[in-house]
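Only one structure is covered here, and it is reproduced in the block below.
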Amino acid sequence: MKIDRQLGILSILLQTESVTAPYLSEIFEVSRRTIDRDIEDLCKAGIPIVTRQGKGGGISIIEGYKIDKTMLTHGEMQDILAGLRSLDSVNGTNRYGQLMEKLSIGSSDFFVGNQSVLIDLSSWYKDSLAPKIEMIRMAIEQHRELEFFYYAPKGESQRIIEPYYLIFRWSSWYVWGWCKSREDYRLFKLNRMDKVYMSENYFSERTSPLPNLRDERIFPGGIKVKALFEADCKWRLVEEFGPDCFREQKNGTLLFQADYTNKENLLTWLLTFRDKVELLEPKAIREELRQSILKMKKKYDNAADS
C-alpha cells in the first residue's frame with residue numbers, strides 16, 4: 001500500500017547514503033513513475049530529499065538532516081515493525097513481513113533476540129473479517145464506494161458509504177466514512193456489516209474530519225450502577241473495569257460502582273454472572289431485570305411441564 005511503501009522508502013533513505021530510483025522501483029515492485037510520486041509526496045511532507053542526476057547520482061536525504069534530526073530511533077523502528085507485524089495477524093498474509101525485510105535493509109537486529117513487543121489483532125471472526133478489511137483498504141485507496149447490509153441496534157438497513165479510515169478500537173474493527181443515506185459521517189462496526197462489496201462508482205475525496213473516538217463521545221455513560229458481586233467474580237471486575245471499581249465488604253462480597261453507557265448492554269452483562277450478582281441501583285433497571293428473570297423462569301417452568 002502507498003503509505004507502507006513510502007515508510008519503507010523513508011527508512012531506506014535514513015539508513016543509506018544514497019539510492020537510485022531503479023533500485024527502489026525493484027525492491028518495492030512498482031514503476032519508476034510511482035517512486036517519483038512517492039518521493040514528491042515525502043518532500044511535500046517536509047522531508048528534505050535531494051536527487052542528483054548522472055553517474056554517481058541518486059536519491060538521498062540532505063546530510064545535516066540525517067545527522068541532526070534522525071527521525072527513527074531503534075526503539076521507534078521496533079514499534080513500527082511490531083505494528084506492521086500485527087497487521088499480518090489480521091489478514092493471514094505475509095505482506096507486512098515482506099515489508100519488514102525491506103525496512104530492515106539486511107539488519108538482523110529487527111528479527112532476532114530483541115523483539116519485546118508482539119501484537120496479535122486476529123479474532124474468532126478472522127475468516128469473515130479479513131476479506132472485509134482487504135476490500136475496505138482497496139476501496140479507500142481507489143476512492144470507490146462501499147455497499148453493505150448493516151445490522152444496528154435500531155434496525156437493519158442497506159448502506160452506501162465513501163470510506164476514509166479503517167479503525168481498530170475497543171477490541172473491534174470499524175470503518176469511518178460518509179454515509180449517503182444519512183448525509184453525514186458515520187462509524188460502522190465490521191462485524192455488523194454483511195454482503196459487503198466494492199461498487200463500480202468512484203467518489204471525489206472530501207476533506208474528511210478525523211473521527212472523534214473519545215470514549216465519552218461514543219459511550220456517553222449516564223447510568224450510575226451499583227451492584228453486589230460474590231467474591232469469585234473479582235477477576236472479571238478487575239479485568240473489565242480495573243481494581244478500583246469495587247469495595248470489598250466485611251462478608252467478602254464486592255460492592256461495585258461504575259458509570260455505564262447503555263441499558264441493554266448492562267442487562268446483558270449482568271446476566272452473564274447468573275446468580276453471582278445482585279443489581280442494587282438504578283431501581284428502575286433492577287425492576288426491569290427482575291421482570292426479565294421472572295419471564296425466563298416461566299419459560300423454563302413451561303418447558304419442564306411439557
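Side notes on the structure shown:
- With K and R counted +1 and D and E -1, the other residues having a Cβ less than 9 Å from that of Ile160 yield a net charge of -1.
- Alpha-carbon radius of gyration plus Dmax, which is the widest Cα pair, for region 219-305 in Å: 14.0, 46
- At most 16 other Cβ within 10 Å, DSSP loop - trypsin sites (Lys or Arg not before Pro), region 127-162: Lys154
- Annotation note: trypsin sites (Lys or Arg not before Pro) in region 199-282 located in DSSP loop regions with a Cβ neighbour count of at most 16 within 10 Å are Arg206, Arg214, Lys250.
- Computed extension gain for Met138 through Ile223, at 0.36 nm per residue and net of the alpha carbon distance, reaches 26.6 nm.
- Residues Trp269, Trp170, Trp176, Trp235, sorted so that the one with the fewest Cβ neighbours within 10 Å comes first: Trp235, Trp170, Trp269, Trp176
- Proximal charge balance of Glu40 [Cβ under 15 Å; K/R count +1, D/E count -1]: +3
Every read-out reported here was derived from the displayed coordinates using simple, explicitly stated rules and does not represent laboratory data. From a predicted model like this one, the values you see are computed outputs, not experimental measurements. Backbone-built Cβ (ideal geometry, glycine too); neighbour counts: all protein chains shown.
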